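Readers should treat all values here as calculations from the given coordinates under stated rules, not as data from a laboratory. On a predicted model such as this, the values are computed, not experimentally measured, just so you know. Note that each Cβ is placed from the backbone with ideal geometry, even for glycine, and that neighbours are counted across all protein chains shown.
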Amino acid sequence: MKRTDQCKVAWTAFAALLIAASGARAGTAGEDLASQVEIRRTSYGVPHIKAPTLKAVAFGLAYCQAEDHMESIARLYISARGESAKVFGGESNLRSDLRNRQFRVYERSIETYHLLDADYRSMVEGYAEGLNYYIALHRDELPEWVQPFTPHDVVAHSMRGVARFAFDRGGIVNSFIKRKQNETKTQVASAAGLVDPFSPLGPIDPDEASMGSNMWAFGGSRTESGNAILMGNPHQGWSMVATYYEAHLTVPGKLNFYGTTFIGRCVLTTGFNENLGWTHTVNYPDLEEIYELALDPEHSDRYLFDGGSVPIAREQATVEVKRVRDGWSRWLLPFGGETRQVRKEFEHTPLGPVIHRDQESIYVLRSAAYDEFRFYQQWLRFAQSSNFEQFKEALDILAIPMFNLTYADREGNIFYLWNGTVPDLPHKAHRDEAVRASTSEDIWTRFHSIPELPQVFNPEGGYVQNCNDPPYFTNLNEPLDIDAYPEHFPRHRLGLRTQHSLALVHGEKKFSLEDVRDMKFDLGMLLAERVKDDLVALLRERADGSDDSAEIRKAADAIERWNNTVAADTHGSLVFARWWREYAYDGSELREDAYEVPWAPENPVTTPSGIGEPDRAWEAFGKVTQELIADYGDWDLAWGDVHRIRRGDVDMPASGGEGGLGCFRVIRFKRDLDGKYSVAHGDSAIMAVEFGEQPRAYTVVGYSQSGRPESPHYNDQTVLYANQQMKRAAFTESEIEANTLRRYHPGGEARD
């Protein structure tokens with residue numbers, strides 16, 4: 001028998017065992033659960049899943065996600081298991097696997113699984129069975145590496161997903177290790193194939209370093225109907241790891257929730273039920289500290305703490321790396337094997353994982369996101385709440401490590417919370433510098449309670465908003481006092497995107513749900529209001545001394561005529577935005593002297609302003625115009641001529657820009673092979689919902705519901721998104737029935 005045939009037989013046998021174990025094989029519990037689940041796909045492919053139990057509804061959610069994203073989910077699960085390099089090869093996968101093994105993602109999912117509460121655990125088990133049922137029924141259509149998964153895989157992926165935001169914030173581990181290595185000019189030597197255990201591995205997802213979002217809530221005093229309205233607008237990468245999935249889950253008497261989650265998860269993490277809803281933006285609490293612990297001079301495998309000698313646990317990880325079949329390697333593979341092994345030893349303590357050691361000390365990362373495992377359990381409790389009191393009880397679980405939260409309900413309440421499992425530090429925050437610790441008094445041991453965190457409830461003016469900035473100007477009528485909070489809470493900052501948000505919502509105007517929906521797509525660029533006049537004056541002042549004086553005056557006229565938006569058809573916006581990037585930034589960092597007047601908390605929504613360095617501004621403008629001419633033949637192009645929204649056969653002009661420009665319609669772009677720029681990050685899943693007798697909502701997922709190019713729902717919402725439009729969400733039974741395109745049980749679908 002050939003080696004490939006042997007592998008296929010082995011995989012088939014392994015798959016059969018796992019499917020049988022999870023009850024997903026045809027004729028067993030998989031079919032029993034499938035028969036209990038009704039799926040109704042409404043307009044744009046949104047699944048409304050109804051089942052008698054939480055386990056069954058999660059089974060249905062898994063099956064729907066598998067229909068739309070099975071291969072992506074499998075890749076994410078394999079990565080969380082620490083086996084990407086084994087299956088796909090590649091150095092980046094090796095680094096990811098080593099990092100997941102170092103921080104014991106999969107091991108912790110197994111060790112804590114029995115501690116999950118019954119409702120969440122039943123959803124995890126149902127979700128795993130739903131994936132496996134899909135795999136069994138579609139085996140011939142899937143790559144061989146897509147194999148059945150366990151409940152531990154579901155939990156591990158969910159834990160890793162939260163870690164993408166909350167663990168090793170700002171890459172402090174790498175920063176610390178690199179500095180220590182520079183100090184000593186030495187590294188721990190590798191031996192016998194063992195990789196340096198303290199070499200920097202890089203962040204979990206380096207391509208996802210920039211994350212954001214916008215959110216609003218309006219009380220009845222600010223709405224035409226008198227009902228509360230909630231708007232959620234996460235900004236994430238248009239990438240596999242950050243793919244949102246929209247769904248409606250119904251378990252009579254137990255759950256009736258419409259919202260979104262990232263693919264591969266069994267719980268929806270933002271959205272609404274009959275009575276209330278919430279959404280999130282990314283915040284930046286200080287969740288971790290590095291502690292230096294003295295080694296026991298008599299035992300290098302122990303450290304001194306609380307008057308005793310404590311053993312250091314060691315764990316050796318072996319990661320297999322698939323050899324790539326290219327070039328000469330295809331001839332050498334029969335002699336060298338199809339995989340190579342990389343071994344690495346990691347150390348752990350009860351205080352956290354060891355990230356470095358020298359002759360006298362070990363250095364431990366103590367993270368609020370490391371030992372916690374109930375993240376999605378808490379989100380499920382949010383979804384099962386029916387009023388603000390129940391929602392507050394769910395908040396007190398204190399498991400979700402970060403994320404600003406905005407809430408609204410049918411009773412008219414609105415609420416903002418700077419949420420997080422924020423350590424109560426007994427010392428100053430040190431970020432990537434180690435704190436010497438010898439007793440429990442030297443380290444953080446508790447979190448700040450929910451009442452101790454910045455929050456706003458039903459404020460004067462009837463609104464709350466957040467666009468990732470610190471919480472103090474959530475509402476301009478009732479600003480929070482920064483001095484009322486510890487020094488390791490965030491310091492003052494109010495970016496242009498948040499100022500744009502406040503300009504839209506502050507005041508006395510009353511909004512309808514449709515107003516909020518349309519206002520979300522406001523295309524203004526606040527930066528233009530702050531520096532455009534200065535730029536135009538500078539260009540006209542210096543044009544006479546320029547070799548291209550006529551062209552410079554033409555540019556000044558075009559920028560002056562521009563309406564200060566990033567609408568696709570605007571002229572002047574492109575050259576202005578390119579100029580600002582060239583002038584104001586040093587790499588990814590905004591120069592301190594970019595503005596003439598810096599931001600000041602005393603004037604939070606009128607600063608910064610003006611051009612701080614006119615000479616550099618003039619030079620940058622000349623450079624940018626020449627670059628645009630070289631790239632496109634002209635500097636005077638419309639924004640949408642260069643910026644595109646592309647997915648499959650959809651290629652449309654884009655309206656929107658970066659938050660640093662003061663845009664509320666946030667899109668970041670990547671350069672394509674044709675020299676134009678397409679969406680890479682920004683508006684992802686958008687929701688606007690009004691809480692009347694029944695919720696009434698609009699939603700859109702920018703890249704659409706399905707990841708299968710052959711699906712009719714691969715880019716249908718992308719057209720809506722490109723046109724600044726949203727679809728009506730079907731929530732009530734009559735709305736669902738009126739919009740149902742397909743109705744089926746898992747396994748009985750009519751294929752797209």
Review point. Can you tell which of 281, 394, 339 lies farthest toward the positive end of the dipole of the chain, using +1 and -1 charges on the Cβ of basic and acidic side chains (Lys, Arg; Asp, Glu)?
Key: 339
**Study point:** Peptide ranges 340-350, 654-664, 705-715 listed from the most packed, as the mean C-beta count within 10 angstrom indicates
**Key:** 654-664, 705-715, 340-350
Study note, to complete from the structure: Gyration tensor on Cα atoms of the stretch 593-752, a ≥ b ≥ c root eigenvalues, a/c under 1.5 rounded, else prolate if a/b beats b/c, else oblate, says oblate
Review point. Do any of 509/532; 623/676; 322/670 go past 22 Å between their Cα atoms, and which?
Key: 509/532; 322/670
Check your understanding: Using a ≥ b ≥ c from the Cα gyration tensor of the stretch 518-645 (square roots of the eigenvalues), is it rounded, prolate or oblate, where a/c under 1.5 gives rounded and otherwise the larger of a/b and b/c decides, a/b for prolate?
Key -> oblate
Review point. To the nearest 20 debye, what charge dipole does the stretch 526-663 have about its Cα centre, counting +1 at the Cβ of each Lys and Arg and -1 at the Cβ of each Asp and Glu?
Key: 380 debye
Point to revise | Label-to-label distance, nm, for residues given as residue 694 and residue 427 (7 Å Cα→Cβ offset) | key: 5.9 nm
Check your understanding: Going by average Cβ neighbours within 10 Å, how do the peptides 580-587, 91-98 rank, with the highest at the top?
Key -> 91-98, 580-587
Practice item. Name the residue farthest towards the positive end of the dipole of the chain from the options 473, 229, 382, assuming +1 on Cβ of Lys and Arg, -1 on Cβ of Asp and Glu, about the Cα centre. Key: 382
Review point. Ranked highest first by the average count of other Cβ atoms within 10 Å around their residues, in what order do 683-689, 137-143 fall?
Key: 683-689, 137-143
Point to revise | Fewest-first ranking of 393, 529, using other Cβ atoms within 10 Å as the exposure measure | key: 393, 529
Review point. Given a cut-off of under 8 Å on Cα pairs at least six residues apart, what relative contact order in percent is computed for the chain?
Key: 15 percent
Revision key, fill the gap. Between the modelled labels at residue 139 and residue 299 (7 Å from Cα along Cα→Cβ) the distance in nm is 5.2 nm
**Study point:** Sites residue 673 and residue 725, calculated FRET efficiency, Cβ-Cβ separation with R0 45 Å, nearest 0.05
**Key:** 0.95
Exercise for review: Name the residue farthest towards the positive end of the dipole of the stretch 526-663 from the options 588, 614, 563, assuming +1 on Cβ of Lys and Arg, -1 on Cβ of Asp and Glu, about the Cα centre.
Suggested key: 563
Check your understanding: Say R0 is 56 Å: what FRET efficiency, to the nearest 0.05, do residue 314 and residue 606 get from their beta-carbon distance?
Key -> 0.45
Revision key, fill the gap. As straight-line cross-link partners of residue 254, the qualifying lysines (C-alpha separation under 30 Å, not fewer than 8 residues apart within one chain) are 50, 55, 392, 727
Practice item. Counting helices only, and only those DSSP H runs with n ≥ 4, report the 222 nm mean residue ellipticity of the chain as the sum of -39,500 (n - 2.57) divided by its residues, in deg cm²/dmol to the nearest 500. Key: -10500 deg cm²/dmol
Review point. Suppose R0 equals 51 Å; then what is the FRET efficiency for residue 440 and residue 550 from their Cβ-Cβ distance, rounded to the nearest 0.05?
Key: 0.10
Study note, to complete from the structure: In terms of the alpha carbon gyration tensor, root eigenvalues a ≥ b ≥ c, rounded if a/c is under 1.5 and otherwise prolate when a/b exceeds b/c or oblate, the stretch 60-176 is oblate
**Study point:** Cα centre as origin, Lys/Arg/Asp/Glu Cβ charges: the stretch 78-166 dipole, Debye
**Key:** 480 debye
Point to revise | Dipole magnitude of the chain, debye to nearest 20 (Cβ charges: Lys/Arg +1, Asp/Glu -1, about Cα centre) | key: 2160 debye
